[in-house]
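The values are calculated or read from the model by the stated rules, or taken from the named source; none is laboratory data. This one's a predicted model, so the numbers in the text were calculated from it and none came from an experiment. Here Cβ is always computed from backbone atoms with ideal geometry, including for glycine, and neighbour counts include all displayed protein chains. In case anyone asks, the SASA skips ligands and DNA or RNA and just uses the protein heavy atoms, side chains included. Shrake-Rupley method; radii C 1.70, N 1.55, O 1.52, S 1.80 Å.
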Amino acid sequence: SPAGMRRAEGTKVGGSKIPTAEEEAELGTYRDADGVLQFPSSGFRKATLTAAAGLKHKPGGRGREVKLSTTLAGVLFVVGDYVRLVEPDTGNPLTEYEIDSRRATPPGQGSVVRSRPLIRRWGATVVFEYLAEYLDAAAAEKYITESFQRAGHIVGIGNYRPEPVKSRVGGPYGRWIIERAQHSPWQR
């Protein structure tokens with residue numbers, strides 16, 4: 001989160017204050033005004049486009065195949081800046097997390113212990129819009145659902161997700177499955 005990137009209060013230039021595990025984990029959260037945990041919706045879009053990179057389709061069902069990620073990049077958008085996280089069984093908003101402390105290697109640094117928020121079970125409603133004039137409803141339902149489902153399995157969101165980042169091996173967190181998908185195109 002942006003708060004996690006800021007210099008600690010009272011830290012002089014060139015000096016550093018090492019936060020406690022609790023402080024560092026909290027700095028890594030996104031919360032709404034009510035204290036409910038949330039995640040930037042752009043992460044779900046990016047994961048979906050990344051998962052679509054290996055897929056191809058024929059626009060309009062004819063012509064040559066093109067990368068699905070190229071098509072979706074121009075016509076698929078997420079509604080809202082953030083997605084609220086909820087307890088999957090009850091739908092109650094999540095406000096608490098575990099602290100996950102593990103070895104990390106930030107770019108340009110040696111190995112350090114980083115503490116991040118960990119939410120083992122979470123649910124969310126992610127609303128996508130797509131431009132119906134460029135992707136018909138049947139194709140959108142198939143390709144967007146398939147790409148979003150793949151993203152939940154092989155890409156994920158947040159830290160230590162499956163997607164390998166810059167030749168490092170990813171982890172098991174930030175994954176999802178689709179429990180329900182509804183489709184309705186956005187039209188001007």
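Points worth noting:
- Selection of region 101-142 for residues being assigned to a loop (DSSP other than H, G, I, E, B), open to solvent by 60 Å² or more (accessible area, probe 1.4 Å) and touching a strand residue (DSSP E or B) at 6+ places or on another chain (Cβ under 9 Å) yields Thr105, Ser111, Arg120, Thr125, Val127.
Residue by residue, here is whether (1) farther than 26 Å from Ala53 by Cα; (2) of a type in the set (Ser, Thr, Tyr); (3) touching a Phe, Trp or Tyr at 6+ places or on another chain (Cβ under 7 Å) holds:
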site: Gly80; (1), (2), (3): no, no, no
site: Leu85; (1), (2), (3): yes, no, yes
site: Val112; (1), (2), (3): yes, no, no
site: Arg116; (1), (2), (3): yes, no, no
site: Glu129; (1), (2), (3): no, no, yes
site: Ala132; (1), (2), (3): no, no, yes
site: Ala137; (1), (2), (3): no, no, no
site: Arg150; (1), (2), (3): no, no, no
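- Any chance Ser16 is surrounded by fewer than 17 Cβ atoms within 10 Å (Cβ to Cβ), over 18 Å from Lys142 (Cβ atoms) and among the polar types (S, T, N, Q): yes
- Taking residues in region 113-138 that are touching a residue at least 24 places away in the same chain (Cβ under 8 Å) and farther than 30 Å from Arg102 by Cα, and partners anywhere that are open to solvent by less than 80 Å² (accessible area, probe 1.4 Å) and basic (Lys, Arg), the pairs with Cβ atoms closer than 8 Å and at least 6 places apart or on different chains are Phe128/Arg45.
- Residue list for region 93-135, restricted to those being in contact with a Ser or Thr (Cβ under 6 Å, 6 or more places away or on another chain) and farther than 19 Å from Pro172 by Cα: Ser111
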